[in-house]
1. Determine which residues of segment 246-264 fall in the zone a paramagnetic label at Glu291 would reach in this model, i.e. backbone nitrogen under 16 Å from the point 7 Å along Cα→Cβ.
2. Run the numbers on segment 26-244 and let me know its relative contact order in percent, using alpha-carbon pairs under 8 Å that are six or more apart.
3. Got a sec to turn the phi values of segment 232-238 into Karplus ³J(HN,Hα) couplings, 6.51 cos²θ - 1.76 cosθ + 1.60 with θ = phi - 60°, whole Hz, x for Gly and Pro?
4. With a 10 Å Cβ neighbour count serving as the proxy for reagent exposure, in which order, fewest first, do Leu233, Leu108 appear?
5. So which of Lys26/Lys212; Lys154/Lys189; Lys68/Lys154; Lys75/Lys216; Lys319/Lys430; Lys26/Lys161 end up more than 24 Å apart by C-alpha?
6. Can you work out ³J(HN,Hα) from phi for every residue in segment 84-92, in order, using Karplus 6.51 cos²θ - 1.76 cosθ + 1.60 and θ = phi - 60°, giving whole Hz and x for Gly and Pro?
7. Whole Å is fine, so just give me how far the alpha carbon centre of segment 245-276 lies from that of segment 8-86.
8. Let a ≥ b ≥ c be the square roots of the eigenvalues of the Cα gyration tensor of segment 26-244; is it rounded (a/c under 1.5), or, if not, prolate (a/b larger than b/c) or oblate?
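Nothing in this text is a laboratory measurement; each read-out follows from the coordinates by a stated rule. Computed from a predicted structure; not experimentally measured. Every residue, glycine as well, gets a Cβ built from its backbone with ideal geometry; the counts of neighbours run over all protein chains shown.
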Amino acid sequence: MELEMDTFVIEGGRRLAGRLRVHGSKNASLPLMAAALMCDDPVVLRDVPDLADIRNMLRLLAELGCHKTNEGGPKDVMCLHAADRSNSHARYEIVRTMRAGVCVLGPLLARRGYCRVSMPGGCAIGDRPIDLHLHGMRALGAHVSMESGDIIVKSPVGGLKGATIFLGGPFGSTVLGTANVMCAATVAKGRTIIESAACEPEIVDLASLLTKMGAKITGAGSPRITIDGVSQLGASGGGSIDHTVMPDRIEAGTFMMAAAITNGDLVLDNCPTDALLSTIDRLNAIGVEVEPIEILRPAGWVADPLRQAVRVTSGRVIKPVEVTTQPHPGFPTDLQAQLMALLTLADGNSVITERIFPERFLHVAELARMGAKIFRQGPTVIVSGVRQLKGAPVMASDLRASACLVLAGLAAEGTTIVNRVYHLDRGYEKMEEHLCGVGAKITRVSEKEVGE
């Protein structure tokens, strides 16, 4: 499948002001979609973003006999029905298009007792091994083998059995590994305890959906998750399972930094402030204000810290800070690049240390092309703020680096050309349209048009 090599042409120097709504979370949607494999009843997911990774997951699920049955309905509502269990092979041709394809492993094992999933391989920001996923499956009694680049996992005779499983790794817990083990353990006999589980809010969202299916899960969002196995999952009393995807904390954080880097004034609706406390803390230290605002709500409405309206404003002077990426609730690695773009304009020297993906610095050289002063030593970068970035042609290397370069282009003097924005389309729904709606000037063109 040939990728469309679109390009953003950004006219910088425009202040963002207005209102944006944060979409549903991509990183939550993908495991939620995979969980639809775990029962025979339809699963309705609401506020699903329209992204390349979501469309690829739909392709994968269709091959596995789980189809979207509400074609022609609202684009952000998805009804998935796993009616055919004859195929349990997640092929390389699809898994390679999105690393989250591996999250079908636990659901397939739970419902069908067998799965064959292609090894996902490496990516631009470094290897993401799945050893901990397989360690968890073995602890539940599954047999794991390799054949022709595929992982084959089978339930033992008599089914999976609960166990106490330590999922800590050299860089902390694994989010998709926690999701896979949690899914498999829902139907294991007895009690499973996942120690050093990922605490990300996307895990809480998945646990919420599984609980609606009849799973018995406590502790999601903490380092220890307890699952008491049930015989099978499904809708209570028949019918379908209905779930609204949590807002995308990375999109929300990106929009916050877009407001700050342009000295703007943005209101963000559907903002998951409770999932962004570390990010908001660092933004406050920089001189960015993120304030909840009251909006009209129906009678009896109860405030939800995962779905707030906030106003984001910035002082004219951006202060330098020190930041270290960490597993949740620490500062997210998926916002490191965007923060770096903001700090290129700080009044002083900032220090960013990357503890999750130490090689996640491909955007450094591209920012330097725009006049940023950045020095890297291993997993640490020193950013010396400059008065002005200059527009230049730059190349996007991965999803979050793409967002970083768009932010830099918004603030730069002149025209910035961001090449290969197909990376961006994996994680941000029509980003250029939403930013243009609040004052940006971004034009999407093909690479051929740029060269003409």
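1. Once the point is set 7 Å along Cα→Cβ of Glu291, 260, 264 turn out to lie under 16 Å by backbone N, inside segment 246-264.
2. 20 percent
3. 7, 10, x, 6, 5, x, x
4. Leu233, Leu108
5. Lys68/Lys154; Lys75/Lys216; Lys319/Lys430; Lys26/Lys161
6. Residue by residue, segment 84-92 yields 10, 9, 6, 10, 10, 10, 8, 6, 4 Hz.
7. 20 Å
8. rounded
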